[in-house]
Amino acid sequence: MSTTPTFTITASRIIGASASDAYRLIADYRGGHQRILPAKYFGNLRATKGGYGDGTEIAFEMYPFGMKRSVQQARARVTEPEPGHVLIETDLDRGFVTTFTVDPVSPTSSRVEFVTTVPRKGGILGAIEKVMISAFLRRVYEAELKQFDDVARADAAEKRDAGRTGAEARL
């Protein structure tokens, strides 16, 4: 049995949200996941089937190296081998597989990791493609994890403020 060679790109960050809140942002393709994607690199993410977690199918646009004139259409299927902890997007056309893993760090923070496995072509073209895709995805993931943290912290602050307002209203 022959297997296609692959390479991986990994990025992680501590996010200012509980593991359950962070995972919810990733798994919600009706409004959460869109909020963590940098508009420079992604657009028009929509659920074409389902909308939350396992069984969801999505379509979106990718802008290689932030160049919107070079838009690429993409489709993926979502699975959850460990709901609440691990979610996987499998590209239906190119074979890329991105695994999102969320681990608790504290009650108000979590470690989020993205690991993308990419099929690798042989020869010099494959070597060049590996360098280009790796550089691109590292840049994308850095921006995405920063935006993820910003969104998660804003949501947490909003939740705290709503709780405070409710407590103050009872006084």
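Data for the structure
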item: Among the candidates 10, 56, residue that is surrounded by 18 or more Cβ atoms within 10 Å (Cβ to Cβ), in contact with a helix residue (DSSP H, G or I) (Cβ under 9 Å, 6 or more places away or on another chain) and at pLDDT 95 or above; result: 56
item: Matching entry among 62, 67 (being closer than 28 Å to residue 130 by Cα, out of contact with any helix residue (DSSP H, G or I) (no Cβ under 9 Å at 6 or more places or on another chain) and at pLDDT below 95); result: 67
item: Residues being outside any loop (DSSP other than H, G, I, E, B), within 15 Å of residue 86 (Cα to Cα) and of a type outside the set (Asp, Glu) - total across the range 18-56; result: 10
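The values are calculated or read from the model by the stated rules, or taken from the named source; none is laboratory data. Quick caveat, the model's predicted, so the values are computed rather than measured. Using ideal geometry, Cβ is built from the backbone for each residue, glycine included, and neighbour counts are taken over all protein chains shown.
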